[in-house]
Amino acid sequence: MANLISNIGRRGFLAGSAAAFTLLLSTETGAFEAQANVIQGSTNMEKVTFHVEDVTLVGDVYTPQETGKRPAVVIIGPMTFQKEQAPTEYAQRLADQGFVTLAYDSRYRGESGGEPRAWENPFHKVEDLKAAVEYIRSRPDVDVSQVSILAICQGSSIAFRAAAEIEGLNALATIAGHYRDAEGDVEWLTEEGLAVRRAQGEAAKAKFEATGEIDYVKAADPVDMNVGMPGAFVYDWYGPWATSGLWENRYAVMSDADLLSYESISAAETLTTPWLMIHGDYNFLPSAAQRHMEAVPASTQTKTIWDDTPHLAYYDQPEAIDRAVGEVVAWFTEKK
């Protein structure tokens, strides 16, 4: 395996990932600390902190002008996300519709704590999301019976497991989800590439545990395939965020040990929370999305919206986001 890794490198196994993306362009919660309040149009933005284990997480809570207890939505974004990206687009719009919303940074990124930085650990993200739900339920302006989760892209696989484990969740909505199962991972990276990437991640994690040293690559690059998310089409979206200093273009190689041992299909098999899936043929791994919907118990309420919206349009294109928000509002309201 060492020779295979040396000969192929990250370029070989990430080529499958780049090809897969081609179509995309056509829980322990402590006391929270409220910080500065900012007016955002018809909503207020409040900087807050909460905790998972011994790590402080930072989020932005958007509240509508209406008083009294309101329904709430916790939002998780794509792989390597920071809250100022897609989560904020949805948080602001949902607050305009009367929801209290939370966009937050998971551990190891953005304003949240945790070391090492830029560690993409889906198991930790599940616990972070559960802590975020517990925090939002603790707020005096939230109706605890009306708390829902919204997930974008790879956040969907995190939300699946969290939703399966959180009692009393109102509803779940996923948009352009990257759903995780063995078949999808092979389609994403190829069988050989998946093995190489996992082996490199495990070697990097063993090095970190033995020496404390962390191997990093870029998170995105338009030319170099030896990065977390390769390809010009990916970099075209993430690059401006990196240039502006609002997103860290760095990826801990050891992330792959955790990322590629994670799956969400088993959580789908036990999901009882009502689920809205917005997906389509021009979103990532549509076959994995279909397998997850088929895996959900027949007794679970579900709805699928399948259209031709390109994947990345759901990140920042107003028309696509507005349409999706309309469907999400209807779903979350219907579940009251």
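Numerical summary
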{"quantity": "Hits in region 152-197 (condition: closer than 14 Å to SER261 by Cα, surrounded by fewer than 19 Cβ atoms within 10 Å (Cβ to Cβ) and either under 22 Å from the mean Cα position of the chain (by Cα) or among the basic types (Lys, Arg) (or both))", "calculated": "ALA182, GLU183, VAL186"}
{"quantity": "Residue match in region 315-325 (condition: at pLDDT 95 or above, at positive phi and outside any helix (DSSP H, G or I))", "calculated": "no"}
{"quantity": "Residue that is nearest to ALA95 (Cα to Cα) [pool: residues in region 314-327 that are of a type in the set (Gly, Ala, Ser) and buried (at least 20 other Cβ atoms within 10 Å of the Cβ)]", "calculated": "ALA324"}
{"quantity": "Test: residue in region 61-69 that is modelled with pLDDT under 95, more than 16 Å from the chain's Cα centre (by Cα) and small (Gly, Ala, Ser)", "calculated": "yes"}
{"quantity": "Any hit, region 19-31, residues being surrounded by fewer than 21 Cβ atoms within 10 Å (Cβ to Cβ), modelled with pLDDT of 95 or more and either among the charged types (D, E, K, R) or closer than 30 Å to PRO286 by Cα (or both)", "calculated": "no"}
{"quantity": "Inter-residue pairs, beta-carbon under 9 Å, first at positive phi and crowded, with 20+ Cβ neighbours inside 10 Å and in region 233-251, second at pLDDT below 95 and assigned to a helix (DSSP H, G or I), 6+ apart", "calculated": "none"}
{"quantity": "Qualifying residue in region 267-275 (condition: within 17 Å of GLU120 (Cβ to Cβ) and not hydroxyl-bearing (Ser, Thr, Tyr))", "calculated": "no"}
{"quantity": "Among the candidates GLY68, GLY113, GLY59, GLY98, residue that is of a type outside the set (Phe, Trp, Tyr), farther than 23 Å from ALA313 by Cα and in contact with a Leu (Cβ under 7 Å, 6 or more places away or on another chain)", "calculated": "GLY59"}
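The values are calculated or read from the model by the stated rules, or taken from the named source; none is laboratory data. It should be emphasised that the depicted structure is a prediction, and the values quoted were computed from it without experimental measurement. In this analysis, Cβ positions are derived from the backbone assuming ideal geometry, glycine residues included, and neighbour counts consider all displayed protein chains.
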